[in-house]
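Below is one structure, written out as C-alpha cells; the observations come after it.
The values are calculated or read from the model by the stated rules, or taken from the named source; none is laboratory data. On a predicted model such as this, the values are computed, not experimentally measured, just so you know. Surface areas here come from the heavy atoms of the whole protein model, side chains and all, with no ligands, DNA or RNA. Shrake-Rupley method; radii C 1.70, N 1.55, O 1.52, S 1.80 Å.
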Amino acid sequence: MDGRSLRLIYFLVLCLMPLLRHAVAIRFVMDREECFSHNVDYEGDTVHVSFVVIKAETPWHYSEDGVDLVVKDPNGNQIHDSRAKTSDKFEFVVQKRGVHRFCFTNKSPYHETVDFDVHVGHFSYFDQHAKDEHFSPLFAQILKLDEALYSIQFEQHWLEAQTDRQAILNENMSKRAVHKALFESAALIAASVVQIYLLRRLFERKLGSSRV
C-alpha cells in the first residue's frame, strides 16, 4: 500500500470521526426538576460531565444555593451526586452499558438557566479486524487524537459557561449598583426638599411671632 492510499484513508477517517462522537451540550431553563437520558453503548467508557448555573430569572436574585444533580445507571443505581452547586465537573467509568439518567433539582423559588455538557470517551480497537498491520496503529493514533481534541473542546465549553455566568453576575451587580445609587440620590433630594420646607415654615413662624 503506497503513501497516497494511506493519506486518503487518513483523510476519510478524519472526516468520519465527528459522526462517531457521543456528546451532548445543552443550555436549558429549569423550574423544579429536569431529567435527561444519555445512552452509553460500551462498558468501560469514560463519561465526562459538566454543568454551570448561568443565571436566575431575575437580575435582583443572587445566591450560591446552586442545584442538585443525581446520575443513575440503567439499573437505577446512583453513580454520582452533586448537592447545592452552581457548577461542577466530573467523570465516571461506565460499569453497565445502557441509558443513564441525569436529574437536576432546583430548590430555589426562581427559574435557573443551566448549561449542561456530557461527553462519552470511547476507544475502538481495530486490531481484530485489520488485514494490514499498518492500519491498527494508525486508527489508534487517530482515535487518541480525536479524544484529546474533544477533551480540549469539553474544557473550553466548561470555561465559556463559567465566563457567561460571571459576565451575567457582573452585569446584574452593575444594574443593582446603578439602581441603588439612583434610589439613594432620590432619597437625598427628597430629604433636602423636606428640610428646606421645614426651615421655611420655621422662619415664617418666627417672623410672624416677632411682628406681634
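What to note about this one:
- Selection count, the range 74-96, where residues are open to solvent by 30 Å² or more (accessible area, probe 1.4 Å) and more than 17 Å from the chain's Cα centre (by Cα): 10
- Residues that are open to solvent by 10 Å² or more (accessible area, probe 1.4 Å) and in a strand (DSSP E or B) within the range 97-119 comprise Gly98, Val99, Arg101, Cys103, Thr105, Glu112, Thr113, listed in sequence order.
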